[in-house]
Amino acid sequence: MVEDCSAINKDAFGTKPHKKYPVVLRTVVLSLVMISSVYICSICIKQKGFIINPNVMKVEVKDQPCRHPSIPSSELPYIHYPEPTTYNRQLDLVLNECACTPVRFFALLSMQRSGSGWLETLLNSHINISSNGEIFSVKERRSNISTIIATLDKVYNLDWYSSASKNECTGAVGFKWMLNQGLMQNHEGMVEYFKKRGVTPIFLFRKNLLRRWVSVLANAHDRDSKQLNGTHKAHVHSRHEADVLASYKPNIDVTKLFLDINHTIKWNADAIQSFNNTRHIVLYYEDIVLNRTKVVDVLDFLRMPHRELKSQHVKIHTRPLPDQIENWKEVSQSLKGTKFESFLHSD
């Protein structure tokens, strides 16, 4: 009876018994199909720029961090994304809005007692600008071209720590460099370095070199006498301190005065000539004092957003020159009739 029922069922459905393949063979075929599918899918995804998170079943578009397509190609040589060794600027691109701030490199090039300290404090009051002071006043850092470059690399890599450091939020980083602190002695190498690294010089000079010389002599005197409670201060933050320092009236050696004026003029001209083929800006202290919008020109030059800039520095020598020079009559007679006579009258 069993055989008869099987025959009836087979005829009723019109089917034939299936050929049975080994289980192992079917498993191998299935595995090959799955592996091939995954491989093909992964190739396609990589070509399209996707990332697969194995823990979450989703597909994300891969983003290149710190891209600013709006920056024109002409600006690209001056745009940098430093990778400091002392901290990570891009540790958290979501929480840290400054991590992808492009950085510009600058150097404030000047001569002593020309207003560079005051201008630097103005720049440092900007949330995105870090100017790290007169770093080459330390002779060891400028002993040769190798030590100079090593110091520059540390500054521009954002590994130079100072009170001016803005870290992740730095949009422009630099320092002030006196022309006689290894810059002009190594000007050829420095021009090459500036061009290679996209460093932009900011020149700051003083028009009235007689007033500059008075400031130089007064600062040298205070370095020895330490008039403010036994402490030497090149810059002050109160009117009282400024008046104390301004009370000293130097007796000027006219011969040295002429030597310094001519020397300073030559150094300034040589510096501009040496860096003439770099992107740079030339400023004068007197122009900034009379017109504070000149500082805005610096912000535009550095491509920084406009902000109100402040400084706590108090100007030391504010009185007319005859009240600030002990041998005024001798000095004025020596300068009259020369190409420097204007220094007697203009501020």
Exercise for review: Would you confirm whether any residue within the stretch 277-291 is farther than 19 Å from Leu122 by Cβ and not basic (Lys, Arg)?
Suggested key: yes
**Study point:** Enumeration of residues in the stretch 126-155 that are farther than 17 Å from Pro84 by Cα and exposed (fewer than 15 other Cβ atoms within 10 Å of the Cβ)
**Key:** Ile127, Ser137, Val138, Lys139, Glu140, Ser143, Asn144, Ser146
Review point. Where residues in the stretch 262-280 are open to solvent by less than 30 Å² (accessible area, probe 1.4 Å) and within 22 Å of the chain's Cα centre (by Cα), which of them is farthest from Phe203 (Cα to Cα)?
Key: Thr278
Check your understanding: Going by the structure shown, is Leu259 open to solvent by 70 Å² or more (accessible area, probe 1.4 Å), in a helix (DSSP H, G or I) and among the aliphatic types (A, V, I, L, M)?
Key -> yes
Check your understanding: Would it be correct to say that Thr121 is closer than 22 Å to Val289 by Cα, open to solvent by 20 Å² or more (accessible area, probe 1.4 Å) and not in a strand (DSSP E or B)?
Key -> yes
Exercise for review: Select from the stretch 323-340 the residues that are touching a Leu at 6+ places or on another chain (Cβ under 9 Å) and free of Cβ contacts under 8 Å to residues at least 40 places away in the same chain and write down the one among them that is farthest from His240 (Cα to Cα).
Suggested key: Lys336
Review point. Between residues in the stretch 73-91 that are surrounded by 12 or more Cβ atoms within 10 Å (Cβ to Cβ) and residues that are of a type in the set (S, T, N, Q) and at pLDDT 90 or above, which pairs lie under 7 Å by C-beta distance while being six or more apart or on different chains?
Key: Tyr78/Thr200; Pro82/Asn157; Pro84/Asn157
Review point. Does any residue in the stretch 220-236 that is on the phi > 0 side of the Ramachandran plot come within less than 8 Å, Cβ to Cβ, of a residue that is not charged (D, E, K, R) six or more places away or on a different chain, and which pairs are these?
Key: Lys226/His232
Check your understanding: Of all residues in the stretch 156-204 being out of contact with any Phe, Trp or Tyr (no Cβ under 6 Å at 6 or more places or on another chain), polar (S, T, N, Q) and within 24 Å of Val295 (Cα to Cα), which is most open to solvent (accessible area, probe 1.4 Å)?
Key -> Ser163
Exercise for review: Determine, yes or no, whether Ala218 is part of a helix (DSSP H, G or I) and surrounded by 14 or more Cβ atoms within 10 Å (Cβ to Cβ).
Suggested key: yes
Exercise for review: Just one of (1) over 30 Å from His240 (Cα atoms); (2) assigned to a helix (DSSP H, G or I) trips up Phe343, so point out which.
Suggested key: (1)
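State all residues of the stretch 312-331 that are closer than 19 Å to Arg212 by Cβ, assigned to a loop (DSSP other than H, G, I, E, B) and not aliphatic (A, V, I, L, M); if no residue qualifies, say none. Quick ask: steps written out before the conclusion?
Initial filter on the stretch 312-331 (closer than 19 Å to Arg212 by Cβ): 313-328, 330-331.
Narrowing further to those that are assigned to a loop (DSSP other than H, G, I, E, B): 313, 315-320, 324-327.
Hits for the stretch 312-331 are His313, Lys315, His317, Thr318, Arg319, Pro320, Gln324, Glu326, Asn327.
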**Study point:** Of residues in the stretch 311-347 being small (Gly, Ala, Ser) and loosely packed, with under 13 Cβ neighbours inside 10 Å, the one nearest to Gly115 (Cα to Cα)
**Key:** Ser346
Review point. Could you list, in sequence order, the residues of the stretch 285-310 that are assigned to a loop (DSSP other than H, G, I, E, B), open to solvent by less than 70 Å² (accessible area, probe 1.4 Å) and without any contact (Cβ under 8 Å) to a residue 12 or more places away in the chain?
Key: Asn291
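In the stretch 56-97, which residue that is at pLDDT 75 or above and outside any loop (DSSP other than H, G, I, E, B) is nearest to His280 (Cα to Cα)? Break it down into steps so the answer makes sense when it comes.
Residues of the stretch 56-97 at pLDDT 75 or above: 70-88.
Add one more test, that the residue is outside any loop (DSSP other than H, G, I, E, B), and what stays is 73-78, 80.
Numbers: Ser73: 18, Ser74: 15, Glu75: 14, Leu76: 16, Pro77: 14, Tyr78: 12, His80: 17 Å.
Applying the filter and picking the extreme gives Tyr78.
The values are calculated or read from the model by the stated rules, or taken from the named source; none is laboratory data. These numbers were taken from a predicted model, which means no experiment stands behind them. Backbone-built Cβ (ideal geometry, glycine too); neighbour counts: all protein chains shown. All accessible areas refer to the heavy atoms of the entire protein, side chains included, with ligands and DNA or RNA removed. Shrake-Rupley method; radii C 1.70, N 1.55, O 1.52, S 1.80 Å.
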